[in-house]
1. What number, in nm² with one decimal, is the all-direction average of the projected area of the convex hull of the alpha-carbon atoms of the chain?
2. Write down the Å³ per residue value for the convex hull defined by the alpha carbon atoms of segment 77-117.
3. For segment 7-69, with all protein chains present and a 1.4 Å probe, just round the carbon and sulfur fraction of the accessible area to a whole percent.
4. As a test of the formula, what do you get for the chain when each DSSP H run with n ≥ 4 contributes -39,500 (n - 2.57) and the sum is divided by the residue count, at 222 nm and rounded to the nearest 500 deg cm²/dmol?
5. Can you work out the PRE-style zone for LEU136? Point 7 Å along Cα to Cβ, and I want the residues of segment 100-121 with backbone N under 19 Å.
6. For the ranges 108-120, 44-56, what's the packing order if you count other beta-carbon atoms within 10 Å of each residue, average per peptide, and put the highest first?
7. If you place +1 on the Cβ of every Lys and Arg and -1 on the Cβ of every Asp and Glu, how big does the dipole about the Cα centre of the chain come out, in debye to the nearest 20?
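The values are calculated or read from the model by the stated rules, or taken from the named source; none is laboratory data. None of these values were measured; they are calculated from a predicted model. All Cβ positions, glycine included, derive from the backbone under ideal geometry; neighbour counts span all protein chains shown. Remember, those area values only see protein heavy atoms, side chains included, never the ligands or the DNA or RNA. Shrake-Rupley method; radii C 1.70, N 1.55, O 1.52, S 1.80 Å.
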Amino acid sequence: MRLRRAVAGMLPGSDRVDDVLQEAYLKAYRRLPRRFENEAHEATWLYRVVYRCCLDELRRMRRRREVPVAEVHTVERVCIDVESSLRALKPADRAVLLLVDLLDFKYEEAAVILGIPRGTVASRLNAARERLRRSLGDG
């Protein structure tokens with residue numbers, strides 16, 4: 001369920017979530033290491049595979065110049081504003097916000113998933129929060 005939320009948060013539109021997850025599961029299965037040091041390494045490795053598949057999908061969408069159709073039915077205006085503000089962020093900013101703030105990963109775990117140093121996670125998270133705050137008109 002957390003993987004699904006991570007993918008849904010990264011992609012602009014829910015129609016590709018299952019396809020990206022399926023691609024990630026196949027890649028993970030094909031490249032599964034013989035063993036992990038512990039369960040935490042296993043989880044961060046899988047999230048990294050999923051994250052890379054999301055980036056691949058975003059690149060494909062950009063090449064096809066797809067314009068996703070918003071699937072918003074009876075959601076409050078605040079939720080729509082937050083969603084559009086999140087979608088307006090760069091994928092790297094959106095990813096760090098999703099991992100740390102929404103999926104409750106520790107900075108160290110997010111760093112492994114994103115393939116960046118812990119300090120970069122902290123600074124990117126701070127900048128992403130500020131951009132989101134400004135976009136929402138709270139700062």
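1. 9.2
2. On the way: hull volume 2.3 nm³, N = 41.
So the per-residue Cα hull volume is 56 Å³.
3. 50
4. Per the formula, -21500 deg cm²/dmol.
5. Within reach of a label on LEU136: 100-105.
6. Details: 108-120: 17.1, 44-56: 19.3.
Output ranking for 108-120, 44-56: 44-56, 108-120.
7. 640
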